[in-house]
Each structure stands twice: as structure tokens, then as C-alpha cells.
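Worksheet for the structure shown next.
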Amino acid sequence: MQQIFKSVSIALQNIKANPLHTFLSTLGIIIGVASLVAILALGDGLEQTGREQIETTTSIQMMTLTPKTIDVVDDVRVPRDTVYQPGIKEARMVEEQLKQWGYTDLIAQSSRIATYKDSSIAIYIQATLENIPQFTEAEIIGSYFDRDDVENASNKTVLSIPLARKWSDDPEELIGESISFEGSSYEIIGILEEDAQGALALIPLSAYQKNVKNSNAPNMVFKSRKVEDIPAMKSTLEHWLDENYEEGREAFSIFTYEGRVQQLSQGILVFKVVMGAITGISVLVGGIGIMNVLLISVTERTKEIGIRKATGARKKDIVLQFISESVTISMVGCIIGWAVGVLGVFGLVELINRFTDFNFQAGLSLGTVFVVLVVAIMVGVIFGTYPAWKAANLTPVDAIRHE
């Protein structure tokens with residue numbers, strides 16, 4: 001270890017003695033590492049931005065459980081003898097299992113004619129538990145029905161903003177009023193401020209099952225807090241199905257969008273690999289520059305090497321010295337390249353944000369630091385081996401007589 005520190009010290013002294021020569025020789029690796037850092041950081045940032053865009057514009061964090069109603073036998077669709085239909089009790093059990101990752105709800109939907117005062121229009125009815133606000137993340141004027149309302153089958157409803165505007169220019173005025181359909185009256189307790197929902201009235205699932213005739217069977221839906229939690233949620237759900245139903249997971253279909261995230265990650269990986277290979281050319285040129293510096297160093301220090309060998313230095317001591325010097329020079333170049341790359345990335349990100357609508361951020365991860373460290377060590381070892389071997393094979397007599 002002491003020998004390594006001594007070799008590193010000698011390498012730093014050589015860098016100080018010939019700073020311009022060393023800088024020009026390591027310019028290739030500086031440019032290569034700077035490019036590599038920029039590519040990795042931009043790639044990580046691009047992946048994160050892509051994930052955020054997908055999360056906000058798609059149902060990527062959603063998962064749906066539906067009972068199978070048919071089986072395919074000999075390429076023929078045959079109705080199943082047994083169709084399992086999870087209810088509120090089962091939804092509560094699953095919710096307890098998955099609450100660490102996200103939210104669970106049970107949703108059924110149908111259409112009816114609804115009446116408010118003297119106005120009757122066709123609407124969609126969505127029956128749910130109390131967790132829809134976490135699914136939509138939309139603002140609610142007033143309130144949403146709670147767990148007690150679901151347990152007691154309360155006749156309460158929350159209207160979507162498009163439906164509320166059909167009945168009033170000021171949707172808030174409808175809160176406290178009532179609408180009716182299927183012979184039952186429902187108190188309006190809130191307005192869901194999300195235009196995408198259409199003419200929709202949301203009611204507790206228990207009230208739907210109690211009051212709405214020929215109601216559709218509900219499906220269980222889930223939303224994870226993070227995209228990465230979907231596989232864990234799916235695995236836990238499948239395990240719960242296996243434990244609670246005779247046919248287990250085979251009696252249900254579980255649908256997720258996680259394939260989109262995998263496609264995005266694969267695309268970014270290809271980008272990183274291709275661009276990394278291109279920047280690797282600069283790293284290669286930098287390694288050749290380092291080898292050139294060390295070969296010149298061997299020529300300049302031939303007499304010193306001969307004296308060291310004559311006084312008992314072994315071949316491996318000489319090899320270790322030059323390998324250590326090579327790695328040190330490579331590390332110095334990589335550190336400078338790292339700094340240049342980081343500064344360049346921040347400048348480029350600012351430029352991207354200035355000319356686009358994205359709030360783009362580069363991702364400087366520990367993985368990037370690790371890659372740069374590995375590159376520095378590999379370049380130092382690979383391109384320092386030949387000069388080290390050449391120095392170690394000098395005979396003491398010839399080396400001492402060298403002028």
C-alpha cells in the first residue's frame with residue numbers, strides 16, 4: 001500500500017512538472033468523460049421526464065381486476081360454469097393487503113335518465129367506494145362520500161363539472177340539492193372538477209347495488225403511488241386470489257400498463273448504449289494520450305529505473321509504479337472531464353427548458369459516478385500496461401548507461 005501511495009505521489013509530481021504536456025495528452029479522456037457524463041445524465045433525465053409525462057397523460061399507474069366470464073377451449077369461447085364476483089367485503093380485504101403501495105376501489109358503471117327539478121337528461125352513473133379522489137387527483141367542490149356512506153348505502157352523489165353545468169351556470173349552487181333516477185333521490189354533496197369525466201354522477205357502490213335495477217357487476221381497480229410499485233401490487237394481488245378462491249388467479253384477468261414503462265426504459269437504454277459507444281472513441285483517444293505520456297516518461301527516466309533495479313527493485317515494483325501513475329493521470333483527467341460534463345449538462349438543460357414547455361431535469365445518479373470511476377481505472381490499467389512492461393524489462397546496466 002505504501003508503494004502505491006509513493007507511486008501516486010510521483011505521478012502527481014510529474015503532472016506538476018509538465019502540466020501543459022499532461023493536459024494536452026489527457027485532453028482526449030477529458031472530452032470523452034465529459035461527453036459520457038453528459039450522455040448518462042441526459043439519459044437519466046430523459047427517462048424521468050418520460051415517466052412523468054406518461055404518468056400524467058396515461059393510466060400507467062392503474063391496474064384492473066376483472067372476473068373471467070369465458071374460457072377458450074379448442075379455440076372456441078365457452079362460458080365459464082363459475083364466475084367469481086368480488087364485492088365490497090373482498091375489496092376491503094384486498095385494500096388492506098395493498099395499502100402500502102396505493103389505493104383500491106370497486107367500480108360499476110351504467111347509464112340512466114336522471115331528473116333535476118323539471119329537467120331530465122341521460123347521464124352515466126359510476127358507483128364506487130370512497131377512494132376515487134385519490135384516483136383522479138381532481139379538485140372537489142364540497143365533499144365526497146366517505147366510508148360510512150358506503151357502509152350505510154347513503155343516497156348521496158357527486159356530479160362531474162360537465163353534468164353540473166347542464167343544470168346550472170354556477171355548479172356550486174347545486175350542492176345541497178337533489179337529483180333522482182330509478183325512483184330514488186340522491187343528495188348532491190360535491191362537484192368533481194374534471195372535464196374528462198363527461199356527464200357523470202358518482203354514488204356509493206352499496207346504494208347502487210341496492211337501488212339500481214339490472215346493475216352491472218363492479219370491477220376492482222387499483223392505483224399505485226409510484227409506477228415502480230405495480231409489479232409488487234400485482235404479485236400480492238395474485239397471491240391473495242390464490243388463497244381466497246378455489247381457482248385462484250386463473251379465474252381472473254389482471255390488466256396493467258407496465259409494459260409501456262418497460263418500452264420507455266429499453267428505448268432510453270438503447271440511447272445510452274449507442275451514444276456511450278460513440279463517446280467511447282474519445283475515451284480511447286484519451287487512453288492513447290496517456291500511454292504516450294508514460295512512454296515518454298519511461299524514456300526520460302530510464303537512468304532512474306536502472307538505478308532502482310540495481311538497488312533491489314523488482315519487476316513488479318516497476319510495473320506497479322507505472323500502472324499507479326497511469327491510473328492517477330487517468331483519474332485526474334476523469335475528474336476534470338466530470339466537472340466539464342456536469343457544467344455542460346446544466347447549461348444544456350437550461351437551454352432545453354428555455355425553448356420547450358418541459359421542466360426537464362438532468363439525472364446525476366450514483367450509477368454515473370460509478371461508470372466514470374470504472375472508466376478511469378480501466379483506461380489507466382489498460383493503457384499503462386505496455387509502458388510499465390517496457391520499463392520493467394529494462395536491464396539495469398543498459399538503463400544506467402542510457403543518456
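Taking the criterion of being assigned to a helix (DSSP H, G or I), in contact with a helix residue (DSSP H, G or I) (Cβ under 7 Å, 6 or more places away or on another chain) and modelled with pLDDT under 70, the only residue of region 323-369 that qualifies is Thr368.
With respect to (1) open to solvent by 30 Å² or more (accessible area, probe 1.4 Å); (2) under 30 Å from Val94 (Cα atoms); (3) within 39 Å of the chain's Cα centre (by Cα); (4) not aliphatic (A, V, I, L, M), the lone exception for Lys156 is condition (3). Among the residues that make up region 134-141, is at least one of them in contact (Cβ under 8 Å) with a residue 24 or more places away in the chain, open to solvent by 30 Å² or more (accessible area, probe 1.4 Å) and in a helix (DSSP H, G or I)? Yes, the conditions are met somewhere in region 134-141. One residue stands out among those in region 211-252 that are among the polar types (S, T, N, Q) and under 19 Å from Met93 (Cβ atoms): the one that is surrounded by the most Cβ atoms within 10 Å (Cβ to Cβ), which is Ser224. All told, Leu192 falls short of being within 18 Å of Leu98 (Cα to Cα), of a type in the set (A, V, I, L, M), under 35 Å from the mean Cα position of the chain (by Cα) and open to solvent by less than 40 Å² (accessible area, probe 1.4 Å).
Scanning region 218-260 for residues that are modelled with pLDDT of 80 or more and among the aliphatic types (A, V, I, L, M) yields Met220, Val221, Ile230, Ala232, Met233, Leu237, Leu241, Ala251, Ile254. Among the residues here, Asp146 does not qualify as out of contact with any Asp or Glu (no Cβ under 6 Å at 6 or more places or on another chain), at negative phi and open to solvent by 30 Å² or more (accessible area, probe 1.4 Å).
Among the residues here, Tyr186 qualifies as out of contact with any helix residue (DSSP H, G or I) (no Cβ under 7 Å at 6 or more places or on another chain), closer than 28 Å to Ala153 by Cβ and modelled with pLDDT of 90 or more.
Quick one: in region 55-95, of everything that is part of a helix (DSSP H, G or I) and not charged (D, E, K, R), which residue is modelled with the lowest pLDDT?
Step by step, filter region 55-95, then rank; the result is Thr57.
Here Thr157 qualifies as among the β-branched types (Val, Ile, Thr) and modelled with pLDDT of 90 or more. Can you find a residue that is touching a residue at least 40 places away in the same chain (Cβ under 8 Å), assigned to a strand (DSSP E or B) and under 30 Å from Asp229 (Cβ atoms) anywhere in region 112-120? No, region 112-120 has no match at all. When residues in region 134-179 are screened for being among the basic types (Lys, Arg) and more than 21 Å from Ala114 (Cα to Cα), 1 of them pass. Only one of the numbered conditions (1) open to solvent by 20 Å² or more (accessible area, probe 1.4 Å); (2) part of a strand (DSSP E or B); (3) modelled with pLDDT under 90 is not met by Ala108, and that is (1). In this structure, Leu200 does satisfy being within 34 Å of the chain's Cα centre (by Cα), buried (at least 16 other Cβ atoms within 10 Å of the Cβ) and at pLDDT below 90. Of Ser168, Ser180, Ser206, Ser184, all but one fail to be farther than 18 Å from Thr128 by Cβ, open to solvent by less than 70 Å² (accessible area, probe 1.4 Å) and in contact (Cβ under 8 Å) with a residue 12 or more places away in the chain; the exception is Ser180.
The values are calculated or read from the model by the stated rules, or taken from the named source; none is laboratory data. It should be emphasised that the depicted structure is a prediction, and the values quoted were computed from it without experimental measurement. Here Cβ is always computed from backbone atoms with ideal geometry, including for glycine, and neighbour counts include all displayed protein chains. Only protein heavy atoms, including side chains, enter the accessible area calculation; ligands, DNA and RNA are left aside. Shrake-Rupley method; radii C 1.70, N 1.55, O 1.52, S 1.80 Å.
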